[in-house]
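Down below is the structure, laid out as structure tokens.
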Amino acid sequence: MNIAFIIHNQAETGPYWKVLEQCAAYVKFGHSVTIFATSKTNRLQTRVVMRDGVRVVEAPDMLWGKLRQGVDLWNALVRCRVAKKLHREQPFDVVHAVDCRPNVIIPSLYMQRRLGMPFILSWWDLFGKGSTRFGKLFALTVGNIEGWLETGFRKYADGATTITSYLAARLAATGYAPDRIEVHHLGVDTSQEPLSYTDARAWLQSECGIAPNESVFCFAGTIYESDFALLLKALDNLKSQNIAYKLVWVGKHEIPTDVCAEYNILRTGIVPTMQEVYRYFAAADACILPMEVNDANAARWHSKMTDYLNAGAPVALTPVSDFPKYFKENAIGWLAASGTPEDFAEALKMALEAAPSRVQYGENARAFMKRELDVRAIAGRTLQFYQRCIDEHKGQPR
């Protein structure tokens, strides 16, 4: 197949890397892939580069900073023009788009209706109705526009994938045919073996001054304010029980110095490579994922989770997204009974009590990832879905 994959994101930022990883897996299966993304800086010129065997079209955008997120019509028109040119050189068989910003939906519908190919539309996040992630003011203003974009155009797609079962049910509730929806989680490359727990722990002790007998949690990246509040309340619960721990916070996230001191948080700052990030994960007694139980988090499939498990780290988490299903069926971590700070604290406590079985939990996590969430396995399922949509599209009267 010759596949067009369209995202609104800027190249080399955020979800771009997960999309590139997935598209690179398609290339390894022998397919040709072009990703349409937004340039980080160009306002007039289009840049085309090859990355991991994938052709990346970086479309110019007249806006700046955080506004370069899929709303510039100039960006959308350039994508249409480039798509038409590339289609003439080598016809695309299918177009796969993620979410519904204007610079995604306009070129996708153009390729479907003018260039004659099936259109697959994915739903990877919830920013509109039901999402409280950015507060009530956002929900009442920009959130209403996001909600209209998220749902208003999905009926035109020939097939749909969602990142979670919650979003699949929500899409079906709009009247979209359930037999044209598939749930596809985001996977990760499981081919490289991570550092063993013993070796990673020795490295962490040297790197961060962790004592051999200290209990260590690990969290990566940024966190929403409400989820951070949940975490601190859970840590307060541990402290009230005189349970000692260190929390290694990997990556850049602003936390006041006094909060770090009060809650035994060690911040690493920006870590230059994923290999080093994985070292921190592999050294922890458990990685953690504190998320409020709400619609926004039910819709998400957090890539932190797959990275934690892929590094051979068990996880303590709240019952959000599709994670409960997997944690109930596999000994890969500790699932809180509810989203309350008290129940999350209990999951953290269980993680520390299970320290003697840490190596076995790590082996379980890696086996689970290779079996269920390897990027090539997920890519294979997506390619089958593409082929089904292509076959059905060819059978339609012209």
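Summary of computed values
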quantity	calculated
Coordinate range along principal axes, alpha carbons of region 1-119, Å, largest first	37, 29, 24
Angle in degrees between helix 197-208 and the longest Cα principal axis of the chain, rounded to the nearest 10	80
Sequence of Val248, Val48 once ranked by neighbouring C-beta atoms within 10 Å, starting from the fewest	Val48, Val248
By average C-beta atoms within 10 angstrom, highest first, the peptides 299-312, 363-376	299-312, 363-376
Nearest 10 degrees, 0 to 90: helix 102-113 Cα axis against the chain principal axis	40
Likely footprinting exposure, Arg79, Arg113, Arg381, fewest C-beta neighbours within 10 Å first	Arg113, Arg381, Arg79
Listed residue pairs exceeding 18 Å between alpha carbons, taken from Lys18/Lys304; Lys304/Lys370; Lys252/Lys304; Lys40/Lys66; Lys40/Lys85	Lys40/Lys85
Alpha carbon centroid spacing (whole Å) that separates region 1-36 from region 285-326	24
Cα-Cα pairs of the chain separated by more than 38 Å (percent)	23
Environment charge at Tyr156 (Cβ cut-off 13 Å; Lys +1, Arg +1, Asp -1, Glu -1)	+3
DSSP beta bridge pairing in the chain, given as percent antiparallel to the nearest 5	10
Whole-Hz couplings from phi, Karplus 6.51/-1.76/1.60, listed for region 378-395; x for Gly and Pro	5, 4, x, 5, 5, 4, 5, 5, 4, 4, 4, 5, 5, 4, 5, 5, 5, x
³J(HN,Hα) computed for each position of region 313-330 - Karplus, 6.51 cos²θ - 1.76 cosθ + 1.60, integer Hz, glycine/proline x	10, x, 10, 9, 8, 8, x, 10, 6, 8, 5, x, 4, 6, 6, 6, 8, 9
Residue among Asn75, Asn103, Asn294 with the largest mean-square fluctuation in a Gaussian network model of the chain, springs linking Cα atoms under 10 Å	Asn294
Two-decimal Rg/Rh across region 197-372, once Rg and the Kirkwood Rh are taken from alpha-carbon atoms	0.92
Neighbour-count order for Glu225, Glu392, fewest beta carbons within 10 angstrom listed first	Glu225, Glu392
Folded to 0 to 90 degrees: helix 73-89 orientation relative to the chain principal axis, Cα	70
Using θ = phi - 60° and Karplus 6.51 cos²θ - 1.76 cosθ + 1.60, couplings along region 222-237 (whole Hz; Gly, Pro as x)	8, 8, 6, 4, 5, 6, 5, 4, 4, 4, 4, 5, 5, 5, 4, 4
Cα centroid of region 151-220 to Cα centroid of region 38-103, whole Å	26
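Here, each number is a calculation from the coordinates, and none is a lab measurement. Computed from a prediction, not measured in an experiment: that's the story for all the values here. Ideal geometry is used to build each Cβ from the backbone, glycine not excepted, and the neighbour counts take in all protein chains shown.
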